[in-house]
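The values are calculated or read from the model by the stated rules, or taken from the named source; none is laboratory data. Here the structure is a predicted model, which means the values were calculated and not measured. Heads up, the Cβs are rebuilt from the backbone with ideal geometry, glycines too, and the neighbour counts pull from every protein chain shown. Side chains included, ligands, DNA and RNA excluded: accessible areas come from the protein's heavy atoms. Shrake-Rupley method; radii C 1.70, N 1.55, O 1.52, S 1.80 Å.
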Amino acid sequence: NATVLAGVDLVVERGEVVGLVGANEAGKSTLCLVAAGMAPATIGGRLDGTVHVDDLTTATARPYEIAQRCGSLFQNPATQISGTAPTVWEEIAFGPRNLALPLAEVVARVDEAVGALGIGELVQRDPARLSGGQAQLVALAGVLALRPAYLVLDEPTSQLDPQGTRLVGDALAALAAESEVGVLVVEHKTDLLAVLASRVAVIDGGALVAEGRAADILADERLAGWGVEPPSALRLARAAAAAGVALA
């Protein structure tokens, strides 16, 4: 049996955003599944070591206990749209309603998530008739409406345009700062991580090869060798320096 992740030791505290970067097939999505308590239960295999979500251990906790503390969003929003709701509003309300919350609380949570992501114009739409980017925002709103203590996000902006990417980035930053939500986010858009993440970890071949302050890791000369493109501002500065051009 192949080892997918090896010697990974990573902590995400409440109120911080930790970015996770690496080349394709480096193990980022598997690490997300493990962190969210979905692996090995949903994908098979064996987990050596432990994963803690506050005082819970994912190997022994019931799935609903983990789900109420750790929300997750993966690359394909279609896998997280219930298919049972006639409108986007009811789709976002699906999770809170299943927690048996009072109606007023459900309404407040849905409205809060809709406002955070700027998708008010979608609430009466059929969830089955959304673009990929719109569906991604709706799926994220459904996760936010559960108000988890932690979020595990695997490329949440992969289907979004620059405006949608900014909305998601702003919403995540506000969640971390104001609600003390801990966020682990896999993201190829290092420009976003440069302004969103407080720390960045690099995974290569299933192992964490670097971790530290976002500014330090994103400026690391080894980043390209790990299959990660540095932020555009840094690439521009380096290109200008190589050409002997001074940037104002």
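A few points about this structure:
- Residue within segment 122-137 that is aliphatic (A, V, I, L, M), within 18 Å of the chain's Cα centre (by Cα), crowded, with 21+ Cβ neighbours inside 10 Å and at pLDDT below 95 present: yes
- Residue 145 meets all of the listed conditions (1) open to solvent by 10 Å² or more (accessible area, probe 1.4 Å); (2) touching a Pro at 6+ places or on another chain (Cβ under 7 Å) but one, namely (1).
- Taken over segment 64-78, residues that are surrounded by 15 or more Cβ atoms within 10 Å (Cβ to Cβ) and farther than 11 Å from residue 35 by Cα amount to 8.
- You will find that of 36, 61, the residue that is within 29 Å of residue 214 (Cα to Cα), among the aliphatic types (A, V, I, L, M), open to solvent by less than 60 Å² (accessible area, probe 1.4 Å) and out of contact with any Lys or Arg (no Cβ under 8 Å at 6 or more places or on another chain) is 36 and no other.
- Given (1) open to solvent by 40 Å² or more (accessible area, probe 1.4 Å); (2) at negative phi; (3) in contact (Cβ under 8 Å) with a residue 12 or more places away in the chain; (4) not polar (S, T, N, Q), index of the condition residue 7 fails: (2)
- Considering 147, 166, the condition of being among the basic types (Lys, Arg) and either outside any helix (DSSP H, G or I) or over 30 Å from residue 109 (Cβ atoms) (or both) is satisfied by 147 alone.
- Within segment 39-58, considering residues that are closer than 17 Å to residue 184 by Cβ and either surrounded by 16 or more Cβ atoms within 10 Å (Cβ to Cβ) or among the β-branched types (Val, Ile, Thr) (or both), the one modelled with the lowest pLDDT: 39
- Within segment 79-112, the set of residues being within 26 Å of residue 34 (Cβ to Cβ) and surrounded by 14 or more Cβ atoms within 10 Å (Cβ to Cβ) comprises 80, 81, 94, 95, 99.
- Condition met for residue 174 (over 30 Å from residue 94 (Cα atoms), under 17 Å from the mean Cα position of the chain (by Cα) and either part of a helix (DSSP H, G or I) or modelled with pLDDT under 90 (or both)): no
- As a summary of the residue check, residue 187 satisfies the conditions (1) among the charged types (D, E, K, R); (2) at positive phi; (3) open to solvent by less than 30 Å² (accessible area, probe 1.4 Å) except for the one numbered (2).
- Listed by first and then second residue, the pairs linking a residue in segment 45-60 that is in contact (Cβ under 8 Å) with a residue 24 or more places away in the chain to a residue that is loosely packed, with under 13 Cβ neighbours inside 10 Å and not in a loop (DSSP other than H, G, I, E, B), with Cβ atoms under 6 Å apart and 6 or more places separating them unless they lie on different chains, form an empty list.
- Listed by position, the helices (runs of 4 or more DSSP H) contained in segment 187-248 that have at least 3 residues being closer than 18 Å to residue 32 by Cβ and in contact with a strand residue (DSSP E or B) (Cβ under 9 Å, 6 or more places away or on another chain) are 190-196.
- Given (1) within 19 Å of residue 131 (Cα to Cα); (2) among the polar types (S, T, N, Q); (3) over 11 Å from the mean Cα position of the chain (by Cα), number of the condition residue 198 does not satisfy: (1)
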